[in-house]
Amino acid sequence: MKLADDIRHNAIARGLCARLHEAVELRRRYRLISFCHSHAQAITRHGLGALLPSQIELIHGPGCPDCILPAAQIDAAIDLACSRGVTLCASDDLLRVPGAHHTNLFAARAAGADIVAVATIAEALALARAHPQRDIVHLASGFETTAPASAEALLRARDLALGNFSVLSHHVLTPAAMRHLLADDAIGERMQLNGFIAPSHVSRVIGVAPYRSISSDYVKPIVIAGPEPLDVLHAVLMLVEQINECRADTENQYARAVTETGDTAAQRLVDEVFEVRESFLWRGLGRVPHSALTLRPAFAQWDAERRHALGTPEAIAMEISAGHAASAACTPFTPLDPHLSASACGVRGRFWPIAS
C-alpha cells in the first residue's frame, strides 16, 4: 500500500502544483505533448489540466495503438474476415476503431463476419489449437509494449507447426513517431512543441537510451513519466525546469520501473521475429519512416499479409483517398481518435489531431 499512497497522495499533488506555479515564467508558453494513452487517462480522469498554470498546455498525442491505424487497414481486416473464410481475432478496443468503407469490426461482426474479441494474442493462439479446421488470423496492434507477446506467440506457433494461425502485424514504434513530429516542418511549425512526456509502459521495454538522440538531435527536453497522476505532474515540473534552464536532456521520472537499457530479453525476442518496415501510414500523422514492425521472412508461413496476399499496410492504405476518414463523425463508439471524447470533460488542453 505504501507505493499506492505515494503515487496517489493529495498533499504531494498539491505540493507539486505549488512548485509548478512558482516555476513557470509568466510570459512563456509551455507546449508539452504526452505520448502515452495512460498519461491521457491520468490527465482527464484526475482533472490534472485544471490544476496546471495557464502557461502550460498539454497536447495528448497519438498514444493509442489501435486508433492510429489507418482506416484502410481496418477495411482490409474486415474484407479478410468477410471474403476469405477466416476467423479474425482482435482486441475489444480495436473492434471500435472506424474504417473508411466499413463502419468498424463490431458492425462487420453484427453483419455476419467471423470476428472474435480476444484480450491477448495467447487467446487467439489457443483458439487456433482448439479448432484446427479454422483459419485464425490475429490482428496485432500496439507499440513496443505488446510486440514481445506477439513474438512469443509466433515462436510458439512455429514450435507447434501450427498451420492454421497467422498474424496481421500492425505493431508501431514510438521513437520513430516522435522523430517524425519534430522532423516534419509542417507539423512542427503548427504544433511548436517545447517538450515530450515520454510513455511509461513502452519505456519499460525500450529503456531510456533511444530517447537521448532525439533530445540532442532536435534540442527538445524529454521526460519519461510513470502512468500515475503524480508521475505526470512531476514530469511536467521536470520539463518546465528544463525549458527555463534552456536544457534539452532526456530524464527518467519513472526510475522505479524504467532502466537505461530496458527489457533486453523482450527486445531480443522481438528482434528474432520482427524486422522494421521502411515506412508505415499512421492515422493523423501520415507516412512515418521506420515506424512499424513486420514479420521476418523466416515467419512467412504465419504472416497474414503474405499468406493472404494482402499487400503491405502502406499499399492498402494508399488506396483510400486522403482525408476520407477524417470526414466521418467521431463518437465514443466510432472514435477517430481515442482522446477526442475526453474533450467533453472540461479538460484544458489539445487533443490529437491538434486543431489549427
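Laboratory data are not the source of any read-out in this text; all were calculated from the coordinates shown. Quick caveat, the model's predicted, so the values are computed rather than measured. Note that each Cβ is placed from the backbone with ideal geometry, even for glycine, and that neighbours are counted across all protein chains shown.
What shape does the range 65-190 have by the C-alpha gyration tensor, where a ≥ b ≥ c are the square roots of the eigenvalues, rounded means a/c under 1.5, and otherwise prolate means a/b greater than b/c and oblate the rest?
oblate
Just want the ordering: S91, S83, from fewest to most Cβ atoms lying within 10 Å of their own Cβ.
Going from least to most buried by this count: S83, S91.
For the range 74-133, take every pair of Cα atoms, bin their distances at 5 Å starting from 0, and report each bin as a whole percent.
Taking every Cα pair in the range 74-133, the percentages come to 4, 21, 30, 25, 15, 5, 1.
Sorted by packing (mean other beta-carbon atoms within 10 Å per residue), highest first, where do 31-44, 205-218, 143-156 land?
31-44, 143-156, 205-218
Over the Cα atoms of the range 116-176, how large are the radius of gyration and the largest Cα-Cα distance (Dmax), in Å?
When restricted to Cα atoms, the range 116-176 yields Rg and Dmax of 11.7, 40 Å.
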